[in-house]
Each structure stands twice: as C-alpha cells, then as structure tokens.
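Notes follow the structure.
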Amino acid sequence: MTRKIFYSILSVAAAVLLSCIVIIMGVLYNYFEEVRAGGLKAELEFAIAGVEDSGMPYLEKIHLDRCRLTWIAADGAVLYDTLAGTENTENHGERAEVKSALETGEGWSSRYSDTLLEKTMYYAKRMEDGTVLRISVSSATVGLLALGMLQPILIVAVVAFILSALFAYRLSKRIVGPLNRLDLDHPLENDTYEEIAPLLSRIHRQRREIERQFDELQKRADEFSQITASMKEGLVLTDRQGTVIAVNPAADAIFAQKQDSVGKDFLTVCRDREVGMCMKTAMESGHGEMQQTRAGRVYQLTFSRIESEGVSIGAVLLVFDITEKVLAEQARREFTANVSHELKTPLQGILGSAELIENGMVKEEDLPRFIGHIRKEAARLVTLVEDIIRLSQLDENTEFTKESVNLYAVAEEVADSLHDIAKSSGVEVRVSGVQQEIAGVRKLLHEILYNLIDNAVKYNRSGGMVDVTVADADDKVILTVSDTGIGIPAEHIDRVCERFYRVDKSHSKETGGTGLGLSIVKHAVVCHKGTIYIQSEVNKGTKIRIEFPK
Ligand code: ADP
C-alpha cells in the first residue's frame, strides 16, 4: 500500500510539473508573440511613412537586423525586397497576408519553415498608392524554444522529481503509519482516521462473530472429545485420504500405543495390510467389517464411509473388544460338547444294563448289582443335571437378593449335612473361627461351602481331617477349607476351576463328582465380589481360601 501511495503521489507530482511547464511555456510564447506582433506593426507603420515619403531609395538605404521588408505592387509583383533586392520575381499576390492587405487594407499570416523549427510572421499593409508593404520577422517555434530550454527544464524536472519522491515517500509513510499501528484485536479502541471508523466497527462485529463461532466449535469439539473419551469402543475418524482427524483414547490404546496419531496416515498408525484392505473396501462400497487379534484381545473393526452431499469425505472406524464374547462363545461350545459327553456316559450304562435285564441275560443273583448300577448312574445323572442347572443360573447373571448371612452358621450346617458321608470315609470335619455375618446370598454361600467340604472329604484318606475356619480380617471375611487329602498336582491347580476339569477322572467319577463343583464355587465367589486362592501339595493336602469383601 505504501508503494502504491508513493507512486500515486509521484505520478501526480510529475503530471502537475509537466503540465505546468507546458502551460507556462505556452502562455509565455503567446505573450511574446503578441509583443512581437505589436513591434512589427509599429515598424511597418514607420517604413510605410518612409516609402511614401522617399520611395525606393528609402528601402535601398534602410538597414534592418532581423526584419525584412517587401514592397509589392497591386498585381502582386515584388517591387523591392530588403533581402533579395529587385531580383525576386515571384508574384506575391496569392500570399495570404498580401491578398488580405490588397482586399481589406492589412493582413497577417505566419508560416513555419520546413523543419518546423522556425516561424515567420508576416504583416502587410496597403499604402495609399495601392501597393502593399510587407514586413516579416522569423523567430524560433515553441518546439525549438523547448529544445533550447531542454537542459534547464531537465534540471528543474530532476530536482522537482527528487523533491516529490522524498515528499511522496514521507507522505505515504505518514498515511500508512496509523494503519499499520491499528490494533485489530480491539478495533474500537483505535484513535485513527475517522474515514476507517465504519471499517473498524465492521471488523469488531466480525471478530465478535468469529469468537462466538469459535467458542461454539470449541464447545462442540470438547463435547465430542468428552463423549469419545469415555467410550469403551475405539473410534477413529479419517479424511478421504485416510489421514487421522480424530481418535479417542480407546482406539489410541489399541492402534497407536502412545504415539500421536492425529495427522498421520491411519495405515502407518495401525500397520496392518488387512485393515488397509478393509478400509479401502469401505471407501468403495460404503461399509467394511473384519475381526482382528491384537495383543491377545479380539477386536471387531467396522468401517463406514462418511458422505456429504453424495461425496465421500472420509471414514469412521468403530472398534469393539469382543474377546469376552468370543471366549464365551468358545466356552459355550466346549460346555455343550462336554455336557453331551457327560450325559451320554451314564445313559449308555443305564441303557446297557436295562437291555441285559430285558433280554433275560442277567442271572437272578446278579440282578441287584445291575439294578444298583442303574440307580447309581441315574443318581449321577441327577447330580449332573442339578449342577448344570446351578451353573446356568449363575451364568445368567441373575440378580440374587442379598441378606445378612452368618458364614460360620452356614459352615456348621453344611458340615452337619456331610457328617455321615465324612464318617463313612473316616474323615473328621471341624468348623472353627468367628461368628461372622456377611452380606451375601445364602443359597450360594451354602453351595460354596458344600462343594468345598464335599471335595475335601472326597479327595481325602481314611483318618484324614477337614478344617473349616471363618476369620475376620479388617475389611474382609476369610473362609478357609483345608484338608489332609491327596492334594492337587501343581500343574492342575490353575485349571481345577474350569468346567468338567478333573485331575483324576476315574476317582472323581467313583466318588460321584461331576467336574462342575469348583466352577460353581468360583462363579458364586465372583457373585460376592470375592477372590479364591488354592494351595495344594500332593499327598499332603489342599487349602482353599476365599476372601469376601465386607
Ligand atoms: P468333581 O466333581 O470332580 O469333584 P470339582 O470341580 O469339584 O469336580 O473339582 C475338580 C477337580 O479338582 C476334581 O476332579 C479333583 O481332581 C480336584 N479337587 C477338587 N478339590 C480337591 C481337594 N480338596 N483335594 C484334591 N483334589 C481336589
């Protein structure tokens, strides 16, 4: 802008200067022309008086410096010329000034030389005898004058140009200075040209509007981040080229692993070809889905194309952690297969024995044994079905109503109910500790104690002991069931709580075990937000500790 103002001022100054020179020269030239014409007229009057008085000799004697006198007869013939004498024979009758003088008494004209550098002014007057006396004088034309004055004009022009350049520079700086110093953050607080006051108030209004829109955008961005930050699912937004625009912490944890992924190509962030292919499919067809295992977790990735007015502008990726679902599905399949197998074995036993009896292939004396076998297998089936029902109830996550339960009393109750079985196995069951109440589900606590004491008796030896203790430890209630039984080999300890897992299948079946007891215990403990710890040593015994939060 400074440059523009500078050049504008400079060109105006140059134009003014040039026109001044032209006008002044024109005016002066005209003035001098008039003065010269007056002088010419006076000189001719004087010469006419001389000629009328003395005739030709006057002209022959007269000595003229710059002027020239020509005496012309009424027919235009030159009678005498102070420059050429009488030798000039050319007729002057048609010359404008002569013609005018012959007709009206006087005539003016001027003619330029071939080079246009010289201008000759003619003044002719008719004398009393009808002849015409003409005077002429040559002078430089404006062009020649200008040419002659070129040097001073140039000097003046250069000086004027330098001065106007300096002036233009300072002026443009002075004009632009206040504009440069404008505080656009506070437009209305500026004390500057009143001409730009409307502009400043418009800037002020626009600033406020921009601030409002920015706040609104910020608010929305915050809302978006808050919502997506609290999402368990991973969310990634990309533009059309696949550059990450937004990503929530869950997705960052899955793909980026602490690197800042915003602004980067999503494929370089997730570094997986399959994901890239799925994203490409989504960009082409609108939707893409895939499953992927990362760091031991299974994820469902769903890509969807984002469109605006029919044009694809990017993609959104939602990532769901489906590990539990997949594991549950796998467990369900295994459970179904195990249940079928576990049901089939006793049923086949029952069927076989029943067929033998039906076909009369069992001797009379063996009949009680076969019938006893059928009863035993049927009882096993009932126990199995009951355990399956219990487990499926726990699986359904039914909300059990909790009440204050005296854990010690329940332990005594269970020990009593198992007293006969324990006695028949030569095992002594002892309950000790404190009368501790906990908020729990009586049925499930009974289930826990029954399975633990039952196992401790089952996997024990004649003369063995089972100790059940209830202890109070600050914020926990600790239930311990320890026995002096056969123990669990170390490599099996981690798996005994799995469904249908048995260390010794034949022993478990012999003792009527279903392989579901400890999984029911674990489930019931989880329902109470408790924790189960198993310690065992082969041939020494097993100690199972359960901690219930108060
Ligand atoms: P089961 O019906 O076979 O007893 P559980 O789920 O109760 O099934 O137990 C799983 C397996 O853990 C048992 O088959 C047994 O081998 C082992 N086990 C459980 N409790 C004890 C214990 N107190 N002493 C030794 N082994 C045990």
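The values are calculated or read from the model by the stated rules, or taken from the named source; none is laboratory data. All figures in this text were calculated on a predicted structure; none of them were measured in a lab. A quick note on method: Cβ atoms are made from the backbone with ideal geometry, for glycine too, and the neighbour counts reach across all protein chains shown. Heads up: the accessible areas ignore ligands, DNA and RNA and are worked out on the full protein's heavy atoms, side chains in. Shrake-Rupley method; radii C 1.70, N 1.55, O 1.52, S 1.80 Å.
Could you look through segment 504-513, keep only residues that are within 15 Å of V457 (Cα to Cα) and either polar (S, T, N, Q) or outside the structural domain of R461 (by TED's automatic domain parsing) (or both), and pick out the one that is farthest from the ligand (Cβ to nearest atom)?
Looking at the filtered set, the residue picked out is T511.
Is there a residue being in contact (Cβ under 8 Å) with a residue 60 or more places away in the chain and either hydrophobic (A, V, I, L, M, F, W, C) or touching a Pro at 6+ places or on another chain (Cβ under 7 Å) (or both) anywhere in segment 482-497?
For segment 482-497, residues in contact (Cβ under 8 Å) with a residue 60 or more places away in the chain and either hydrophobic (A, V, I, L, M, F, W, C) or touching a Pro at 6+ places or on another chain (Cβ under 7 Å) (or both): absent.
Of all residues in segment 473-499, which are farther than 20 Å from L444 by Cβ and more than 8 Å from the ligand (Cβ to nearest atom)?
A473, D474, D475, S482, T484, P489, A490, E491, I493, D494, R495, listed by residue number.
State which residue is nearest to the ligand (Cβ to nearest atom) when the search covers only segment 514-530 and only residues that are touching a strand residue (DSSP E or B) at 6+ places or on another chain (Cβ under 8 Å) and open to solvent by 60 Å² or more (accessible area, probe 1.4 Å).
Checking each candidate, the answer is K522.
Would you confirm whether any residue within segment 415-426 is over 60 Å from the mean Cα position of the chain (by Cα), acidic (D, E), within 16 Å of the ligand (Cβ to nearest atom) and closer than 30 Å to H528 by Cα?
Taking every residue of segment 415-426 in turn, none turns out to be over 60 Å from the mean Cα position of the chain (by Cα), acidic (D, E), within 16 Å of the ligand (Cβ to nearest atom) and closer than 30 Å to H528 by Cα.
Scanning segment 83-121 for residues that are open to solvent by less than 40 Å² (accessible area, probe 1.4 Å) and polar (S, T, N, Q), which turns out modelled with the lowest pLDDT?
N88
Residues are listed down the side, and each one gets a yes or a no for (1) of a type in the set (F, W, Y); (2) touching a residue at least 60 places away in the same chain (Cβ under 8 Å); (3) in a helix (DSSP H, G or I):
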| position | (1), (2), (3) |
| --- | --- |
| L356 | no, no, yes |
| G360 | no, no, no |
| A379 | no, yes, yes |
| E386 | no, no, yes |
| I389 | no, no, yes |
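Please go through segment 292-332 and give me each residue that is within 25 Å of S392 (Cβ to Cβ) and assigned to a loop (DSSP other than H, G, I, E, B), ordered by number.
Within segment 292-332, I322 is the sole residue that qualifies.
Matching residues to (1) surrounded by 13 or more Cβ atoms within 10 Å (Cβ to Cβ); (2) among the basic types (K, R); (3) within 21 Å of D129 (Cα to Cα); (4) over 60 Å from the mean Cα position of the chain (by Cα):
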position: A14; (1), (2), (3), (4): yes, no, no, no
position: L17; (1), (2), (3), (4): yes, no, no, no
position: E33; (1), (2), (3), (4): yes, no, no, yes
position: K41; (1), (2), (3), (4): yes, yes, yes, yes
position: L59; (1), (2), (3), (4): yes, no, yes, yes
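If I ask for residues that are of a type in the set (D, E, K, R) and within 14 Å of the ligand (Cβ to nearest atom), which ones from segment 378-407 would you list?
Of everything in segment 378-407, those that are of a type in the set (D, E, K, R) and within 14 Å of the ligand (Cβ to nearest atom) turn out to be R380, E386, D387, R390.
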